[in-house]
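Colleague: After the structure tokens below, expect a handful of questions from me.
The values are calculated or read from the model by the stated rules, or taken from the named source; none is laboratory data. On a predicted model such as this, the values are computed, not experimentally measured, just so you know. Here the Cβ is made from the backbone with ideal geometry for all residues, glycine too, and neighbour counts use every protein chain on show.
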Amino acid sequence: MAARAAGNIGDVAQITFMADSLVGRWFSLAEVAERLGIPLSRIKQLLHDHKLLAVRRPDGTMGVPAAFLDGQQIVKGLHGTLTLLFDCGFDDQDAVRWLFTADDTLPGTPIQAMVEHRGTEVNRRAQALAF
């Protein structure tokens, strides 16, 4: 797993077509700002602080998985889960892939479980990755 770029969205590695297809729906940074009702500069700060994750898609655009938003807010617990994944050595692409890959023990994907307020289960699995 590659080292994560330290908050500089200009240096984000491009994700693969496979990882892109796992996500499904994506939002641009401007769409995220509009949905959250905050300026684009604040979105960039959220990315820098690792409270939100954006990746460069195969078409070259920056995107945020739509599943990371729950109405007009970021999914509860996303920041903590991202922190755990990055502490385990994941980069942005690895984190996206892991969050959107089905896990029969949850069931569903980790991001689905988080949306369903089962973040504790997701974080247990993320912590186990470190061992």
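Colleague: Of the residues in region 52-80, how many are more than 9 Å from the chain's Cα centre (by Cα) and not acidic (D, E)?
Modeller: Within region 52-80, residues that are more than 9 Å from the chain's Cα centre (by Cα) and not acidic (D, E) number 17.
Colleague: So, in region 13-27, of the ones that are in a helix (DSSP H, G or I) and aliphatic (A, V, I, L, M), which residue ends up modelled with the highest pLDDT?
Modeller: Going through the qualifying residues, I end up with V23.
Colleague: Taking region 81-96 on its own, how many of its residues are surrounded by fewer than 17 Cβ atoms within 10 Å (Cβ to Cβ) and in a helix (DSSP H, G or I)?
Modeller: The total comes to 2.
Colleague: While we're looking at this one, here's another question. Go through region 100-131 and report how many residues are more than 16 Å from the chain's Cα centre (by Cα) and polar (S, T, N, Q).
Modeller: Matching residues across region 100-131 total 3.
Colleague: Which of (1) in a loop (DSSP other than H, G, I, E, B); (2) closer than 21 Å to D20 by Cβ does I111 not meet, given it meets every other one?
Modeller: (1)
Colleague: Let me ask you something else. Within region 88-96, identify whether any single residue is β-branched (V, I, T), under 23 Å from W26 (Cβ atoms) and at pLDDT 95 or above, and answer yes or no.
Modeller: Within region 88-96, not a single residue is β-branched (V, I, T), under 23 Å from W26 (Cβ atoms) and at pLDDT 95 or above.
Colleague: Restricting attention to region 84-131, report how many residues are more than 26 Å from E34 (Cβ to Cβ), in contact (Cβ under 8 Å) with a residue 12 or more places away in the chain and of a type in the set (S, T, N, Q).
Modeller: 4
Colleague: For region 116-131: of the residues being surrounded by fewer than 19 Cβ atoms within 10 Å (Cβ to Cβ) and either among the aliphatic types (A, V, I, L, M) or modelled with pLDDT under 90 (or both), which is nearest to L69 (Cα to Cα)?
Modeller: Per the stated criteria, the residue is Q127.
Colleague: For region 28-68, which positions are part of a loop (DSSP other than H, G, I, E, B), touching a Gly at 6+ places or on another chain (Cβ under 9 Å) and farther than 16 Å from L78 by Cβ?
Modeller: Passing the criteria: S28, R57.
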